[in-house]
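What follows is a set of notes on a single structure, which appears directly below.
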Amino acid sequence: MLKNTNSIDTVYVGVKNYGGNDTASGVSGTSYSKGYVLFTTGSVATSADIYVWKSGGSGASYGDDVQVTPYLNIVLNPGFDSANLGSWSNLGGASVVASNSHSGSYGVRTASSNSGVQQHLTGLKANTTYVLLGWLSNGASSDTVYLGVKNYGGTEIAQGITGTTYVQTAILFKTGTASSSADIYIWKSGGTNVSYGDDIEVIPVP
């Protein structure tokens with residue numbers, strides 16, 4: 001849990017020296033919020049360094065209740081490395097490509113507009129908070145591609161990413177009192193170029 005005394009400041013929780021790239025997630029605002037970093041240790045790595053870090057700003061920041069928890073991703077074919085969409089439904093114009101992936105050999109590419117993929121998740125627990133994470137990028141810096149969730153017993157939520165480098169986005173959602181499923185999606189409503197998605201994950205919040 002992280003927070004700042006100044007609403008425009010950002011404090012980070014991160015991990016390094018685990019057999020992969022240094023990865024961090026920033027939290028802004030003056031109320032405690034959860035920051036998430038998902039990481040997979042290297043093939044010979046048995047240790048990692050976790051940290052809370054503030055690189056700049058105008059006030060103090062705080063961290064508490066930092067945890068490392070093993071997780072099981074609920075999403076099927078999360079990195080599209082089966083070389084096909086598999087459990088993902090094509091919403092129009094999307095394809096699996098062997099270029100511009102975030103990790104692994106493949107990622108999904110949308111068309112420039114009205115294009116994306118969706119997966120129906122089952123077996124979720126009712127009245128439970130989950131986090132949806134994904135890495136997204138665009139072929140044009142002015143375009144926006146969205147990661148979202150709907151039909152989980154609450155209001156549809158989507159987060160947009162702009163820019164041509166991969167950025168991870170996170171969405172917290174809580175299933176309804178009688179909901180055990182959800183639909184997650186990557187969607188491109190308009191733009192001038194293709195967009196990309198990779199490494200999509202849904203995990204319960206501890």
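The values are calculated or read from the model by the stated rules, or taken from the named source; none is laboratory data. Keep in mind that what you see is a predicted model, and the values were worked out from it rather than measured. Counting neighbours? That spans all protein chains shown, and the Cβs are built from the backbone with ideal geometry, glycine included.
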Checked the range 78-93 for anything without any contact (Cβ under 8 Å) to a residue 40 or more places away in the chain and out of contact with any Leu (no Cβ under 7 Å at 6 or more places or on another chain); matches are Asp81, Ser82, Ala83, Asn84, Leu85, Trp88, Ser89, Asn90, Gly92, Gly93
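Mind checking whether some residue in the range 133-143 is crowded, with 20+ Cβ neighbours inside 10 Å, within 20 Å of Ser82 (Cβ to Cβ) and of a type in the set (S, T, N, Q)? Even if it seems obvious, please write down each step before you answer.
Here is the first cut: in the range 133-143, the residues crowded, with 20+ Cβ neighbours inside 10 Å are 133-138, 143.
If we keep only those that are within 20 Å of Ser82 (Cβ to Cβ) as well, we get 133-136.
Of the ones still in play, those that are also of a type in the set (S, T, N, Q) are none.
No - not one qualifying residue is present in the range 133-143.
Pick out the one residue from Thr128, Thr110 that is more than 21 Å from Thr40 (Cβ to Cβ), crowded, with 16+ Cβ neighbours inside 10 Å and touching a residue at least 40 places away in the same chain (Cβ under 8 Å).
On the way: Thr128 fails: crowded, with 16+ Cβ neighbours inside 10 Å.
Answer to the check: Thr110.
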Looking across the range 29-48 at residues that are closer than 15 Å to Leu172 by Cβ and among the small types (Gly, Ala, Ser), the single one that is surrounded by the fewest Cβ atoms within 10 Å (Cβ to Cβ) is Ser31
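Kindly indicate which of Val52, Val68, Val37 is among the β-branched types (Val, Ile, Thr), within 24 Å of Ile186 (Cβ to Cβ) and not assigned by TED's automatic domain parsing to the domain that holds Thr122.
Val37
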Exercise for the section: Kindly indicate whether Ser95 is closer than 30 Å to Val194 by Cβ and out of contact with any Pro (no Cβ under 9 Å at 6 or more places or on another chain). Expected result: yes
Reported set for the range 82-100 where residues are at pLDDT below 95 and either surrounded by 20 or more Cβ atoms within 10 Å (Cβ to Cβ) or within 19 Å of the chain's Cα centre (by Cα) (or both) is Asn100
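Please state which one of Gly59, Gly79 is among the small types (Gly, Ala, Ser), over 27 Å from Ser195 (Cβ atoms) and not assigned by TED's automatic domain parsing to the domain that holds Trp187.
Values: Gly79 fails: over 27 Å from Ser195 (Cβ atoms).
Selected residue: Gly59, the only one of Gly59, Gly79 that is among the small types (Gly, Ala, Ser), over 27 Å from Ser195 (Cβ atoms) and not assigned by TED's automatic domain parsing to the domain that holds Trp187.
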Residues of the range 1-15 being exposed (fewer than 15 other Cβ atoms within 10 Å of the Cβ) and in contact with a Phe, Trp or Tyr (Cβ under 9 Å, 6 or more places away or on another chain), in sequence order, are Thr5
* Mind checking whether some residue in the range 78-89 is hydroxyl-bearing (Ser, Thr, Tyr) and closer than 26 Å to Gly190 by Cα? -> yes
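Sort out for me the strands (runs of 3 or more DSSP E) sitting completely within the range 30-98 that have 1 or more residues that are of a type in the set (Asp, Glu) and on the phi < 0 side of the Ramachandran plot.
On the way: elements: 49-53, 61-63, 89-92, 95-97.
Ranges flagged: 49-53.
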Checked the range 49-68 for anything surrounded by 15 or more Cβ atoms within 10 Å (Cβ to Cβ) and either farther than 24 Å from Leu172 by Cβ or modelled with pLDDT under 95 (or both); matches are Gly57
